[in-house]
Amino acid sequence: MLDHISNLLLVYKDERQQLSYLLIVFILMGAGIALGRGTADALFFKRYGIEYLPVMFVLVGVLLSAISVMYAAFVDALPSERFFKIIFALMIALLLGNWFMIRLGASDMVYPAYFLLYEIASELFLVHSALYLGQNLVQTQSKRLMPIILAGSQVGVIIGGLFLAGMSRVLGVQNMLLVWALLLAVTLAIITVWHSKKGVSPYFRAGRKERSRLRQSINQVTQGLKFMKTSQLLKVSSFALFFMVILTYVLGYTLNRIYTDTFETEVALGSFFGLLTAMTSALALIMQIFISNRVIRRFGVKKVNLVYPVTSFMVYLGLMFSFTLPFALIGSFNKDSIMPAFRRPVRNIFMDSLPMQIQGRARAMSIVVVLPLALATAGIFLWFAQKAENPSLFLFPGLLAALVYLWFNRKMNKAYAREIVKNLKQRLFVPEHQMLGVLDGADNTLLKDIEKGVLQEDEEISIAYSSVLSKAKPERAVTLLPRRMLSASVATKDKMIRMLQPLGSEKLCDKLRREIGHGDTHLDATLYKALFESGDQVAQQKLTGLLRSESPRLCAAGILGVLIYPVPELCEQAKEEWVKLLSDSRPEYYIPGIELAVPGMENYYLREPFFGMIQQVLVQMLDQPISRFQIAALKMIANWPTDNFKAAQASVIKLSEHEDWKVRREVIHASHILSYDEHEEIVHRAIEDHHPDVREASVKSMAARYSDPRQWLISILSECQFGSPRARQAMIEYLIEYGTSAEVLQSISVAMAENALQMHNAIKLLDEEEGHFTPGIILLRHAIEERMHELIDLSLLALQSSTHDSDIEVIRAGLKSRDRRHFSNACELLSMISHGRLISLLMHIFEGTGDSHPGTAEDVFTSIDDILKWIADGTDPWLNECAAYLNTTLSSKSYA
C-alpha cells in the first residue's frame, strides 16, 4: 500500500523519511500561521477597530523593508536550519512576551505590536521556507516533492483554522498565542533533532561576502532597480505588483470592515476567522492540486495571468452593488483562494523568464521597495478615505487599481515573449566568430557590440563578452573591464581580474591596488596574485605580512609572490607555509595550496615534496562527493604538465559516468593521463552524451589527433554516417564554428538528407509488414521515424551558414512545430530555396515527390532482415538496441 502511494506521488523509497519530516514541519508551521492570522485580526480589530488598519499597513511596510534588508544581509552566511532556529527562538520569546503583557493588561499597545509581529513573521516564514527547501532538495526532487510539501502547509492552515474556530471559546483567543508558541517549540525541536542526525543542509553553500553585509544587501536592491532600465518585463511586473498590493490590501480592509461590523464579540470574530481561514485554504488546496496546473497547461500563462485582476474587478463591482457579508465571503475566496492558486504560480513563471542573476535582485527589490511603497500608499489612502460613510469612496479607487493592474498584466504578457527571446539570444549565443572578426580587424561594429556586452548589467553575460574582449583586444580590455568592475559583485570582480592578470600594465596595476580591501579575502588574494605576476614592486612590500596571514588564500598569494619574484630571504618560509597548506585536511586550506601549481611555478611544484603532495590532494578531491571539488581537480589535471599521473586514473575513469555533466566534460579534458584505450573508450562514449557541452568536448578531443580535423569530420559525416544524430550535430557545429566553406557544408547536408530518405524507405517497408506487426516492429518504427526527423533537422542545420541562413532557421522551427499549418508553410518555404538536390530529397520525404538517389531507392530494403543489417552496419546506439529487441520478438535471422 505504501509503495503504491509512493509511486502515485512520484516519491522514491529513500526519500520517504525526508518527505515525512518536511511534511510535519510545514504542517506545524501552517497551523501556527493560521492561529496567528486569526488571533491577530480578532484581538486588534476588537480593541482598535478597523479605522486603525491603514496605519498598520504603513508600519508593516516600513518594518518589512528594514527587516528584509537585515535578513538579506546575513541569511546566506548561515545554514537555513540554523537561521530557522534563531527565528523560532525569537518568535517564541516575543509570543510569550505578548501573552504576558496581555494578561497583565498593562497597555493596549500590545495588540498592534502583536498584529505587526504576525504580519512580519508570515512574510519571513514564506521567504525562508523556500530557501530551506532549496538547501535540502535538488532541482529534480523539488519538481516532484514541492507540491506535496506545500500542500502539507495548506493542510496545516486548515487544521489551525478549524482548531481556532472550535477551541477559541474554550481556551480564549488570547491563549491561542501559547498554542502558537507551543507549535513553534515543537517545530524547533523536530528541526534540531533532524539536523543533529543528518548534519547541515546538504546544499548549503555560504555566499561570498563583502566586508559590509549591510552594504551588500543594499547593493542587491539598487542593482535590481537598475535592471528595470534594461528589462521591460521587470519594469511592468514591478508596476503590476504595486497595484496588485494596493487592490489586495484595500480589499482586505473592506472585507475586515464588514466582518467586524457583523460579529460583535472577540470570541465570535476569532471563531469566524478560524473557520474562514480553513475554508479558503481548503479551496486553495483543491485548486492547486486539481485545477491550477491543468488550467495553465490548457490556456497558457498569459491568459491565466489575467484571472486574478479580472476576478478582483468583479468582486469590487459586487461590493459596490451590495456591501454585505455574502459578497465579502466571495471577496475572501478571491483573495485567499484564487490568488494563491493562480496568481502566485503564474508570477513565479514570469519571474523565471528573467536571467537567473536578475531574479534574486528583482525579488529583493520587490520586498524592500515595491511592497512597502504599495503598503504605505494603500494605508495613507485608506486613512483619509475611511472617514467617509459611503464605502464607494474607497471601493472605487480599489476598482481603479484592479483595472490598472489588469492593464499592466497585459503589458507583462507582451513583454514575456520578448524577454524570453532576448535572454535566449544572449545566453545561447557564443560570440567566438565575433572575436575572429575583431582579430581580423575587418569590422569595427563587432568591437562595439562586444564592448556593449561587457557593460551589460547581467553579470553572466558581461563575463562572457569580457572573456572575448580580453582575447581579441587586450589593450581595450585593460580600460573597459575596470570600468565594469566598479558596479560588479565581488565574484564577478574576481573573474575579471583573472582575465586581466596576463595583460599587465602600470595603469592596470594602479587600478588593482586601489581595489584591495574593498571585497573579501578571496578577492584580495586574486588582486595580489595579479600584481605579483605582473612584477609590481609596490605589492612586493606586502609579502611578509601575507605569509603571516591567518587567511589561507592570502597566505597562498604571499607564497606565490615570494617564489616568482623571487625573494631569497623568504623562500624557505614560503615553502614551509606551502607544505602546511597542502598538509591540512580542510578544503579551505589545501585548495589554495594546490592552486599554486600554475605556469611559472614548475621549478617548485614538479619537485618533491610538493609534487607528491599536490597529486595526493588532487586524488583526494576527485574522491570527494562534492562536484565542485571534482571539477576543480579535473581542471588542474587537464593542465598537468605530464601524462604520468597513475594515482588519479581510476578516479577519472569512474567520474566519466558522473551525473553532473560538468564533471563528465572535465573528465574528457583530463583524459590525457589515461592509457590510449581508456581515453578512446571515454571519448567515444561521450560523443553520445545527452548534454551538448560534453559532446562538443568529445568532438574537439577526437579532432585534436588530426592535423586537419575538418577533413576527418567531413569524411565520417559524408561517408561513414558515424554515430547518432546528436553526435553528428556536435560534429557539424564544430565545422560551422571553425569556418568550413558553404559548399562543403552543403555536401554534408545532402548526405544527412540521403540518410533520412533511407529511413523514410525503411518506415514504408515496416508499415507494410502487417502480418509481423509485433511490439518490436512498433518500437523500431518509432525509433527510425524519430531519427529521420532529427536527420532532416541536421541537414538544415548544415545550411545555416549559407545565404539562406535566416530562412533556414525559420524552416527548422516550422518543421518541428506540431501545428500542421506551420509545417505546411515551412515545406512551401523549403521548396523555394535553390538547393536542388537537397530539396528534391527532402520533398520526397514530405510529399512523396522528387527523385530518389540511385543509392537509396526503395528496392534497397526488400525485407526486415535488410533493415536489420543496415542498422547493424551503422553506429547508432539506440537503433541497435531497438533492433536487438526486435530480434527477441521476431523469428528471423539476426544481423544486429
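Under the simplified labelling scheme, the D623-E678 pair shows an inter-label distance of 1.5 nm, with each label point 7 Å from Cα along Cα→Cβ.
What order, most packed first, do the peptides 599-606, 306-313 have when packing is the mean number of other Cβ atoms within 10 Å of each residue?
Details: 599-606: 13.8, 306-313: 21.0.
Output ranking for 599-606, 306-313: 306-313, 599-606.
Quick one: if you stick a label point 7 Å off each Cα along the C-beta vector at I291 and R483, how many nm between them? Taking the two extended label points, one gets 5.5 nm. A crude spin-label estimate for the pair N639 and V62, with each label 7 Å from Cα along the Cβ direction, gives 5.4 nm. The P(r) of region 229-287 has a tail past 15 Å containing 68 percent of all C-alpha pairs. Packing here is the average count of other Cβ atoms within 10 Å per residue, and on that basis the peptides 705-716, 24-35, highest first, run 24-35, 705-716. In plain terms, the chain from I839 to K411 could stretch by 149.9 nm, reckoned as 0.36 nm per residue minus the Cα-Cα distance.
Segment K575..R548, full-extension length gain: 8.4 nm, with 0.36 nm per residue of separation and the alpha-carbon distance subtracted. With R₀ fixed at 41 Å, the C-beta to C-beta distance from E602 to I716 puts the FRET efficiency at about 0.60. Between S122 and T192, the C-beta separation translates, for a Förster distance of 30 Å, into a calculated FRET efficiency of about 0.85. For region 658-716, what does the alpha-carbon gyration tensor say about shape, rounded, prolate or oblate, given a ≥ b ≥ c as the root eigenvalues, a/c under 1.5 as rounded, and a/b over b/c as prolate? Since a/c reaches 1.5 but b/c is at least a/b, the shape of region 658-716 is classed as oblate. When you restrict to C-alpha pairs under 8 Å that are six or more residues apart and normalise by the size of region 14-200, the relative contact order lands at 54 percent.
Taken along its three principal axes, the alpha carbon spread of region 14-200 comes to 51, 38, 27 Å, from the longest extent down to the shortest. Residues with beta-carbon under 14 Å from that of I653, excluding I653: net charge, scoring Lys, Arg +1 and Asp, Glu -1? Summing Lys and Arg as +1 and Asp and Glu as -1 gives -3.
For region 14-200, the dipole from Cβ point charges (+1 on Lys and Arg, -1 on Asp and Glu) about the Cα centre works out to 400 debye, to the nearest 20.
The largest-to-smallest principal axis extents of the Cα set in region 497-634 are 43, 33, 26 Å.
Extension gain, A647-S741: 0.36 nm per intervening residue step, less the Cα-Cα distance, totals 29.4 nm.
All of the numbers you see were taken from the coordinates with simple rules; none came from a lab. Here the structure is a predicted model, which is why all the values come from computation and not from measurement. Cβ atoms come from the backbone with ideal geometry, glycine included; neighbour counts cover every protein chain shown.
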